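Q: My structure is below; once you've seen it, I'll send some questions.
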There are 2 protein chains.
Amino acid sequence: MSTDDTDAREQLLDLAAQFYDQFEAGGVPSMEVPTRTKSNIEYDEDKNVWVYGDRTSTRSAKSVRGAQKLLKAVYAIEFLSRQLEEDRSSTLRELYYLSESWDLDEAQFSSQDESNQLIEDLEIVSGATREDFHMRPEESGATIMGPLELREQTRRGEREIHCQKDVGEGGYQIPNNPDTIEFLDNDADFALCVETGGMRDRLVENGFDDDYNAIIVHLKGQPARATRRITKRLHDELDLPVVVFTDGDPWSYRIYGSVAYGSIKSAHLSEYLATPEADFVGIRPQDIVEYDLPTDPLSDSDINALESELEDPRYQTEFWKEQIELQLDIEKKSEQQSLASRGLDFVTDTYLPERLTEMGVL
Amino acid sequence: MSTDDTDAREQLLDLAAQFYDQFEAGGVPSMEVPTRTKSNIEYDEDKNVWVYGDRTSTRSAKSVRGAQKLLKAVYAIEFLSRQLEEDRSSTLRELYYLSESWDLDEAQFSSQDESNQLIEDLEIVSGATREDFHMRPEESGATIMGPLELREQTRRGEREIHCQKDVGEGGYQIPNNPDTIEFLDNDADFALCVETGGMRDRLVENGFDDDYNAIIVHLKGQPARATRRITKRLHDELDLPVVVFTDGDPWSYRIYGSVAYGSIKSAHLSEYLATPEADFVGIRPQDIVEYDLPTDPLSDSDINALESELEDPRYQTEFWKEQIELQLDIEKKSEQQSLASRGLDFVTDTYLPERLTEMGVL
């Protein structure tokens, strides 16, 4: 086992040991976790990420329901600990199905929500992450293209891959757990996270990564944990500015928000996943006006989303207030690819160089 | 320009020349395309794929509407022909936006549906494919892992990649146009197309590709054109049996159907995309019974979909009739990953070897 795996396994076994100690002391075993309702999630103004508040809930064996929860936790800990020992991994869905093979019917999960929630509990209580337990997501699938050489520790041995020279046009596929990657060498000036596949392909075709020493990270819509994690590591370990380039609508601002500030759902992982220093390139409502981009009208749900962003602590900056109010005013949104109305090279010859210079990245 | 690009360009210019000749002969220019309603799509019993019937529609400059359609076609041909000359490419969405930069307002597309449909018209009339025109989809993203060495022609030169030794755990990312790939060498006995990411990762983790000389193609739900195209090429050029492994529900049978028989939407491309020899591994309703898999009840829409498959010419085989009737009878469906209820290795140690032996693949 690697040191990380040994650590994660010990953190899990400590939890089980804690129940044992509670029993031995004649007490009723229990486990305390932060309350995960929206009202107990706070925006940490210093760190610029979401964190849990002070309220906690107790899962205690005092009730049958609580005892069952702890039983399931112990079975899951047993499974995860063996998984780490054997250097295996599994998906959340497999864990749910796998519980059907457990010898005690009461320990089986009754729904996948239940097993998913338990894994989140274990993440929070142990301070380790799902990736540390070797739990994989169902889909990852985002890619990287740029002047970066890395070493990935795979089950079949180490692979050294240059994310331009050793990959096809599709780029380097980010593995489910990007912490198996070690950055070797790079010639990059910044990381550019791109929402849509069409725009990612445009930048690669136009050689933007080459011309501007950019590592192009494809977000693929709302980014997977693996994508957010590697983005954070590009920033923290390689000291690269991170910029996010999305469509110009409230849903895309949320994509930026989840890269930069984390999400409510994974508030316990903000320090592992969020890159608060990430900056927003566009499409800004101001770009829609300045570059006279083709637009669509805002729908009612767009307007609601914009209004709720005006209240969201993550968007309480001069920049976002101005942009969101402007958008509510012009009642229009634009896609990244609408820049093609000025020609296929406009985004790489004009728009990005102008914006990135303005932002101080170039 | 490559020979393929020159050919595609000439096929497009021939279309424009045809309008010119019609004008010169004092006629009204027109273009004939197969009618693309469901009633004009037939199942070709010999080739086992969908094809268009005999009915055609005429786009003629006799009406203002028809004249505008031809005008747009000519502008699109001009654009595509230049794109091929310059070895550029673009997405369908970029084409739509790009039309805003055309000098004649009447030539601009009024919606993306209109430009998408025009590209389909041009595919059908020219006999070339969207990929031949260098039109990219918005997303592709599926991957390959297995004993296959290939050479991809990228814009930055050739890349030789072994789809096990030169890739990370994420595998080799299939490019938007897989016809830029040349197969160099392989040690494969068959290609296994897998619906879900969770199962794809399970097979890779368990080394199934290594142990059974399998090329694992991740379908990622309903497969993209690029994924279906490379699957067909694995079959036709490398003479590999192709098997499809999905969830056990009517929607997944349609995924198999689109790999094997093509889809109604792309009936004009069946010979380019479909692999009629592809065989279905499971999850079969019979597996649900035999292996006593965890299930969910069929929903009303599942039942409707199964019933409509009973009428669908693609599923008029003994195998499908039996399986679909059995499923309607047991009123249950199962996911691929439900095999984990027998342990994480059951799928690779037992289920797949048994099924593939039964099917004559192993």
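Read the figures in this text as sums done on the coordinates, not as results from a lab. From a predicted model like this one, the values you see are computed outputs, not experimental measurements. Here the Cβ is made from the backbone with ideal geometry for all residues, glycine too, and neighbour counts use every protein chain on show.
Q: For a quick size check, give me the Cα extents of chain B along its three principal axes, largest first, whole Å.
A: Sorted largest first, the three principal extents are 72, 47, 34 Å.
Q: When the Karplus curve 6.51 cos²θ - 1.76 cosθ + 1.60 is applied with θ = phi - 60°, which whole-Hz ³J(HN,Hα) does each residue of the range B:344-358 get, with x for Gly and Pro?
A: Per-residue couplings from phi come out as 5, 9, 4, 5, 8, 8, 10, 4, 5, x, 5, 4, 5, 5, 3 Hz.
Q: Another question about this same structure. Using alpha carbons only, how many degrees (0 to 90, rounded to 10) separate the axis of helix B:64-85 from the longest principal axis of chain B?
A: 70 degrees
Q: Then there's this: Report, by chain and number, residues whose modeled amide H sits under 5 Å from the one on B:Gly282, excluding near sequence neighbours (fewer than 5 apart, same chain).
A: It is B:Thr246, by chain and number.
Q: May I pose another question? Compute the Cα gyration tensor for the range B:130-259, then decide on rounded, prolate or oblate, letting a ≥ b ≥ c be the square roots of its eigenvalues: rounded whenever a/c is under 1.5, prolate when a/b is larger than b/c in the other cases, and oblate in all that remain.
A: oblate
Q: Return the percentage of antiparallel bridges among DSSP beta bridges fully within the protein assembly as shown, rounded to the nearest 5 %.
A: DSSP beta bridges in the protein assembly as shown are roughly 65 percent antiparallel.
Q: Moving to a separate point now. Would you tell me the mean number of C-beta atoms belonging to other protein chains that fall within 10 Å of each C-beta in A:337-349, as a whole number?
A: 5
Q: How much FRET efficiency would the formula 1/(1 + (r/R0)^6) give for A:Thr317 and A:Trp251, where r is the Cβ-Cβ distance and R0 is 22 Å, rounded to 0.05?
A: 0.70
Q: Considering only lysines 8 or more places apart in sequence, or on different chains, count the pairs in chain A whose C-alpha atoms sit under 18 Å apart.
A: Taking the Cα cut-off of 18 Å, the pair count is 8.
Q: Taking loop as defined by DSSP and a crowding limit of 14 other beta carbons within 10 Å, which trypsin sites (Lys or Arg not before Pro) in the range A:22-53 fit?
A: Answer by residue number: A:Lys47.
Q: Classify the range A:33-192 as rounded, prolate or oblate from the Cα gyration tensor: take a ≥ b ≥ c as the square roots of its eigenvalues, call it rounded if a/c is under 1.5, otherwise prolate when a/b beats b/c and oblate if not.
A: Taking the square roots of the gyration eigenvalues as a ≥ b ≥ c, the range A:33-192 is oblate.
Q: Give me, ordered by chain and number, the residues 5 or more places off B:Ile216 or on other chains with an amide H under 5 Å from its own placed amide H.
A: Amide H neighbours of B:Ile216, under 5 Å, 5+ apart: B:Met145, B:Gly146, B:Leu192.
Q: In what order do A:Leu84, A:Leu326 fall by count of nearby beta-carbon atoms within 10 Å, going from fewest to most?
A: Listed from fewest to most nearby Cβ atoms, that is A:Leu326, A:Leu84.
Q: Counting other C-beta atoms within 10 Å, which of B:Lys220, B:Lys165 has the fewest, and how do the rest follow?
A: B:Lys165, B:Lys220
Q: Can you list the copy-to-copy distances for B:Asp349, using a point 7 angstrom from Cα toward Cβ, in nanometres, shortest first?
A: 6.2
Q: Quick one: helix A:3-24 against the long Cα principal axis of chain A, what's the angle to the nearest 10°, folded into 0 to 90?
A: 40 degrees
Q: Further question on the same structure: When the gyration tensor of the range B:35-120 is built from Cα positions, what are the square roots of 5 times its three eigenvalues, in whole Å, from largest to smallest?
A: 28, 18, 11
Q: Now a separate question. Assuming 0.36 nm per residue, please report the length gained on full extension of the stretch A:Val28 to A:Leu362 beyond their Cα-Cα distance.
A: My answer for the length gained is 114.2 nm.
Q: Can you give the % of DSSP beta bridges in the range A:132-252 that are antiparallel, to the nearest 5?
A: 60 percent
Q: Then there's this: Taking amide H positions as placed in the peptide plane 1.01 Å from N, state which residues far from A:Lys332 in sequence (5 or more) or on other chains have amide H under 5 Å from it.
A: A:Leu298
Q: In whole Hz, with x marking every Gly and Pro, tabulate ³J(HN,Hα) for the range A:28-34 from phi via Karplus 6.51 cos²θ - 1.76 cosθ + 1.60, θ = phi - 60°.
A: 9, x, 7, 9, 9, 10, x
Q: With a ≥ b ≥ c the root eigenvalues of the C-alpha gyration tensor of the protein assembly as shown, is it rounded (a/c under 1.5), prolate (a/b larger than b/c) or oblate?
A: Oblate shape, in that a/c is at least 1.5 and b/c is the bigger or equal ratio.
Q: Rounded to the nearest 500, what is chain A's calculated 222 nm mean residue ellipticity when only DSSP H runs of at least 4 contribute -39500 (n - 2.57) each, over all residues?
A: Helix-only estimate at 222 nm: -12500 deg cm²/dmol.
Q: Going 7 Å from Cα along the Cα-Cβ axis for the label, what nanometre distances separate A:Asp236 from the same residue across the other copies?
A: 4.9
Q: Taking neighbour counts of Cβ atoms within 10 Å as a proxy for exposure, in what order, fewest first, do B:Ile288, A:Ile124, A:Ile230 appear?
A: Least to most surrounded, the residues fall as A:Ile124, B:Ile288, A:Ile230.
Q: Using alpha carbon centroids, what distance separates the range B:201-250 and the range B:280-330, in Å?
A: 21 Å
Q: Still on this structure, please answer the following. In the range A:243-340, what chymotrypsin sites (Phe, Trp or Tyr not before Pro) fall in a loop by DSSP, with at most 10 other Cβ atoms inside 10 Å?
A: none
Q: Taking Cα pairs under 8 Å and at least six residues apart, what relative contact order does chain A come out at, in percent?
A: 14 percent
Q: Also, I was wondering about something else. Where the centroid of each part is defined by its Cα atoms, how far is the range B:6-83 from the range A:34-51 in Å?
A: Cα centroid of the range B:6-83 versus Cα centroid of the range A:34-51: 58 Å apart.
Q: Considering only chain A, what is the antiparallel percent among its DSSP beta bridges, to the nearest 5?
A: For chain A, the DSSP antiparallel bridge percentage is about 65.
Q: Just add up the charged neighbours of B:Gly198: K/R +1, D/E -1, any other residue whose Cβ is under 11 Å from the Cβ of B:Gly198.
A: -4
Q: Placing a label point 7 Å from Cα toward Cβ, how far apart in nm is B:Glu331 from its equivalents in the other copies, listed shortest first to one decimal?
A: From this label point to the equivalent ones elsewhere in the assembly: 5.1 nm.
Q: For the range A:1-109, which GluC sites (Glu not before Pro) pass both filters: DSSP loop (anything but H, G, I, E, B) and at most 12 other C-beta atoms within 10 Å?
A: The qualifying sites are A:Glu45, A:Glu86.
Q: In whole Å, what are the extents of the range B:1-85 along the principal axes defined by its C-alpha atoms, from largest to smallest?
A: Extents along the principal axes: 40, 38, 21 Å.
Q: Provide the per-residue ³J(HN,Hα) series for the range B:264-277, in order, calculated from phi with Karplus coefficients 6.51, -1.76, 1.60 and θ = phi - 60°, each as a whole number of Hz, with x at glycine and proline positions.
A: Each residue's phi maps through the Karplus curve to give 4, 4, 10, 4, 6, 10, 3, 6, 9, 10, 8, 10, x, 7 Hz.
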